[in-house]
Amino acid sequence: MAGNGKGNAGALVDLKRGVVSRELFVNDEIYAQEQERIFARSWLFVGHESQIPRPGDYFVSCMGEESVILARDQQRRVHVFLNTCRHRGMKVCRYDEGNTAVFTCPYHGWSYATDGRLVGVPLFKECYQEQLDKAEWGLVEVPQWVNYKGTIWANWDATAPPFLDTLGGMKVYLDTVLDGRDGREGGSEVLGGVQKWIMPSNWKFAAENFAGDAYHNISHRSVDLVGIGPSGSQRRDTAERATAQRLGASFPELGHGATSFLQLEDVPYASSYQDTPVVEEYFRHCDEERRRRLGKGARLLGLVGNVFPNMAYLARQPRSIAVWHPRGALKTEAWRWFLVDADAPAEVKDILRRYFLRYSGPAGMTEQDDMENWNYATLASKGVIARRYPYNYQMGLGQEYGTYDSPGVLTDRIAEQNQRGFYQRWAACMEEASR
Ligand code: FES
Ligand SMILES: [Fe+2]
C-alpha cells in the first residue's frame, strides 16, 4: 500500500500505541483498496424483506459502490442482482423501489425477468440471427445472500464464511434491534421510506462512531437540553437507561462493536411515553412480555452498534438501521431505515415515526450533530501537514476487562476499545493477500 509512502496497513494502524493514521480517512489509494479488500468480501446489509413483500417487488440498494437490485421473483424467491446491463453496462433499474414484471434496460432495450433471466432482446432475429445465447447473459447475481430475522445481507465472495459465523457473538447485540419489543424473535418491518443523504466525510467516521464512541456526548449537548424524547418532551433517549449499567462489547477478530446497557436487577419498568397513554400502555405490556420470555436476558438493552464494515443500528432510541455507503475517500452516502414491530398499533407507529424524524436522518437533531463533526474533521485532516499526525485511540488502552456474562471483549467504562477492535479488523482485511 503506497498511502503517501507510509507503508502497509499495519503501519497505518498501530493498536499497541493506540494510534491510527489520518491517511485512512483521506487517501484515495487506500479508499480504492478498501473496495476490493473489504466491500467485495464482506457481508453487507442490503435491505429488509418487508420492502419487497409481493412478487415483482424490488428495492434498489448498494453494496459498497455497486448498485444492486433486491428483488422478489414471481415464485416469491429473493434475489440480489448487480444493477448493470450485460450489454453495455447501463443501469437496468433507475428507480428507488417499485414493482415490475421485467427490468428493461433504457439504452437498447434488453429486458430481464425478476429472476434475472435475459428474456427480451430487441431485433433478436434481424440483428443477432438468433445466435445470442440468452441463458449466458442474465443479470449478475450475488453468490451468497441470507435473510436474518427479516434483514437481507449479501456477499460477493462465494468463499466467504456464512453470515452467522461472521456475525459471531455480535448476534446477541444485533438481536436487540431486530427482535420484537416484547421479546419475540424478529417480526420487524420498515416504517416509511429510506432516508438518504450525502456527507462530505469518510465512511469510517460514521462506522467507528456507531461501533462505540460513548465519549462524544458533548456533541449532543444542545439536543439533550430540549425535549425531543419519544413522547415529544423529556430527554432524547428512553428512561430505562438511567437505571442501567453501560456495557461496551468489541469483537476485534470480526470488527464489530456494540454499546449496550445492562439493566440492574429487579428494576421496574421505566416509562418514556407518559404523554400518550395508548403508547405507554403498549410499551408497558411489551416490557412485561419481554421479561417473561427472556428472563435474565431481558436485562440487556441495546443502544448502538456497528456490524463490520458499514451497517450500524440504534436498538431502542429510536430503533433504526443505517448503512454508510462509501462514495470516495471524502464522501459517504448515508441511508437510514426505521424499524417497528409489524403488529404494533397504528398510534404507536405514528408516535415512533415522529420521534425518528426528530432524532435521526439529515433533518434529525441528533444525527446532525454527528455529521457536523465528521465533516469538519475531514476538512481539517486532509492537508499535507495535518495528515502527518495520527488520531488518538488510547482511551482505556490495556484496561479491557469483562465482568458480565455477555459475548465480546467487554468494558463497563467509556473507552475506545470498540474503535480499536474495528481498526484491528480493518487492518487484517487490508493486509490479506488478494485471493
Ligand atoms: S446497455 Fe442495456 S441494452 Fe444496451
Ligand atoms: Fe452521536
Tell me, for the chain, which Cys residues have no other cysteine's C-beta sitting closer than 4.7 Å. Cys62, Cys93, Cys127, Cys286, Cys429
Short version: ³J(HN,Hα) in whole Hz for each residue of region 123-132, in order, from phi by Karplus 6.51 cos²θ - 1.76 cosθ + 1.60 (θ = phi - 60°), x for Gly and Pro, what are they? 6, 4, 7, 5, 9, 9, 6, 6, 8, 5
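On full extension of the chain, what length is gained from Lys125 through Arg246, given 0.36 nm per residue of separation minus the C-alpha to C-alpha distance?
Working: separation 121, 0.36 × 121 = 43.56 nm, distance 6.78 nm.
Length gained, Lys125 through Arg246: 36.8 nm.
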About the Cα centre, charge dipole magnitude for region 208-326 (Lys/Arg +1, Asp/Glu -1 at Cβ), debye: 120 debye
At a probe radius of 1.4 Å, what is the per-residue accessible area of Met90, in Å² to the nearest 10? 60 Å²
Report the paramagnetic label zone for Arg77: residues of region 115-135 whose backbone N is under 12 Å from a point 7 Å from Cα along the Cα-to-Cβ axis. 115-117
Please give the solvent-accessible surface of Tyr391 in Å², to the nearest 10, using a probe radius of 1.4 Å with every protein chain present. 30 Å²
With a 1.4 Å probe and every protein chain left in place, tell me how much accessible area Trp374 has, in Å² to the nearest 10. 20 Å²
Greater than 26 Å apart at Cα, pairs in Lys204/Lys296; Lys204/Lys382; Lys204/Lys349: Lys204/Lys296; Lys204/Lys349
Taking the alpha-carbon centre of each part, the distance from region 77-139 to region 343-418 in Å is 41 Å
Starting at the first residue of region 116-122, write each ³J(HN,Hα) from the Karplus equation 6.51 cos²θ - 1.76 cosθ + 1.60 with θ = phi - 60°, in whole Hz, x for Gly and Pro. x, 5, 6, 10, x, 10, x
The chain - Kirkwood radius from inverse mean 1/r over Cα pairs (Å): 22.9 Å
Using +1 at the C-beta of Lys and Arg and -1 at the C-beta of Asp and Glu, which of Leu262, Gln368, Ala342 has the Cα lying farthest in the positive direction of the dipole of the chain? Gln368
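Mind checking the full-extension length gain between Asn147 and Glu431? Use 0.36 nm per residue of separation minus the Cα-Cα distance, one decimal, nm.
My answer for the length gained is 99.3 nm.
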Candidate aspartates and glutamates - alpha carbon under 17 Å from Lys91, same-chain residues fewer than 8 apart omitted: Glu65, Glu66, Asp115, Glu141
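Return the loop-located GluC sites (Glu not before Pro) in region 225-324 (DSSP other than H, G, I, E, B) with at most 14 other Cβ atoms within 10 Å of their own Cβ; answer none if there are none.
Numbers: sites: Glu240, Glu253, Glu265, Glu280, Glu281, Glu288, Glu289; in loops: Glu253, Glu265.
Within region 225-324, the qualifying GluC sites (Glu not before Pro) (loop, at most 14 other Cβ atoms within 10 Å) are Glu253, Glu265.
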Top mean-square fluctuation among Pro252, Pro268, Pro309, Gaussian network model of the chain, C-alpha springs under 10 Å? Pro268
What's the local net charge at Gly302, with K and R +1, D and E -1, over the other residues with C-beta under 13 Å away? +4
Mind checking which of Ser272, Gly295, Gly183 is farthest towards the positive end of the chain's charge dipole, using Cβ charges of +1 (Lys, Arg) and -1 (Asp, Glu) about the Cα centre? Ser272
Only Cα pairs within less than 10 Å get springs; with that Gaussian network setup on the chain, which residue of Tyr282, Tyr128, Tyr404 has the largest fluctuation? Tyr128
Amide N of region 126-160 lying under 18 Å from the label point, which is placed 7 angstrom from the Cα of Arg293 along Cα→Cβ: 148-151
Listed residues Pro390, Pro55, Pro345; largest mean-square fluctuation, Gaussian network over the chain with Cα springs below 10 Å, found at Pro345
Among residues other than Asp412 whose Cβ falls under 15 Å from its Cβ, what is the net charge (Lys/Arg +1, Asp/Glu -1)? +1
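The values are calculated or read from the model by the stated rules, or taken from the named source; none is laboratory data. Quick caveat, the model's predicted, so the values are computed rather than measured. Positions of Cβ are generated from backbone atoms using ideal geometry, with glycine treated the same way; all protein chains shown enter the neighbour counts. Side chains included, ligands, DNA and RNA excluded: accessible areas come from the protein's heavy atoms. Shrake-Rupley method; radii C 1.70, N 1.55, O 1.52, S 1.80 Å.
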